[in-house]
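Engineer: I'd like to ask you about the structure that follows.
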Amino acid sequence: MATWGLILETTVGLGERKHTEAYVMAHVEGGREMALAELERRARAYTPEHPRSPKRRRLFRDGDGFLLVVDGAWQSHATRFCAVELLDDTDRPAPAERVSDEPVAAEVLPATTPELPPPSVAVAVERDEDGVPVKPAWLGRTDLP
């Protein structure tokens with residue numbers, strides 16, 4: 001099962017200090033379509049800080065993401081949303097260290113990976129007020145390196 005990061009890229013700052021920053025809004029376990037559905041829900045509900053008095057709001061679909069363009073009184077502001085597959089994360093817990101320096105025999109390792117519930121089964125997950133799971137789904141999995 002893949003882990004998808006829901007990414008928001010937006011322009012922050014004013015004048016010469018204006019720059020683009022990226023934020024991870026959430027992680028979604030499951031298929032690409034499931035991640036895109038959650039991303040679209042978040043993109044539709046998102047209210048950017050600028051412009052303060054929006055005149056027009058347009059949401060575009062672009063491949064694996066969305067582009068939100070909000071026209072203000074003087075200029076337009078864009079926010080990009082994308083769903084990307086998480087390949088590596090340095091904050092994942094390190095595997096348990098072995099006590100012995102002896103090599104591990106191949107027969108000690110499990111022959112098969114643990115059986116995970118099918119993606120269609122809804123699993124109740126404790127989430128914070130932003131909808132982000134309190135405990136990452138990958139924490140405690142034995143099938144990860």
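Engineer: Tabulate in residue order the Karplus-calculated ³J(HN,Hα) for segment 66-81, using 6.51 cos²θ - 1.76 cosθ + 1.60 with θ = phi - 60°, rounded to whole Hz; enter x for Gly and Pro.
Structural biologist: These are the phi-based 3J(HN,Hα) values: 9, 10, 9, 10, 10, 8, x, 5, 10, 8, 8, 10, 10, 9, 9, 10 Hz.
Engineer: Just grab the label-to-label distance for Leu139 and Arg57, each label 7 Å out from Cα along the Cβ direction, in nm (one decimal).
Structural biologist: It works out to 3.3 nm between the two label points.
Engineer: Another question about this same structure. Would you mind putting 83-91, 7-15 in packing order, based on average other-beta-carbon counts within 10 Å, highest first?
Structural biologist: The peptides rank, most packed first, as 7-15, 83-91.
Engineer: In nanometres, what is the gap between the two model label sites at Glu85 and Leu67, each 7 Å from Cα along Cα-to-Cβ?
Structural biologist: About 2.5 nm, to one decimal.
Engineer: So, counting K/R as plus one and D/E as minus one, what does the shell of residues with Cβ under 9 Å around Arg80 add up to?
Structural biologist: Charge balance near Arg80 sits at -2.
Since every read-out is calculated from the coordinates, none of them should be taken as a lab result. Keep in mind that this is a model prediction, so the values were computed, not measured. Backbone-built Cβ (ideal geometry, glycine too); neighbour counts: all protein chains shown.
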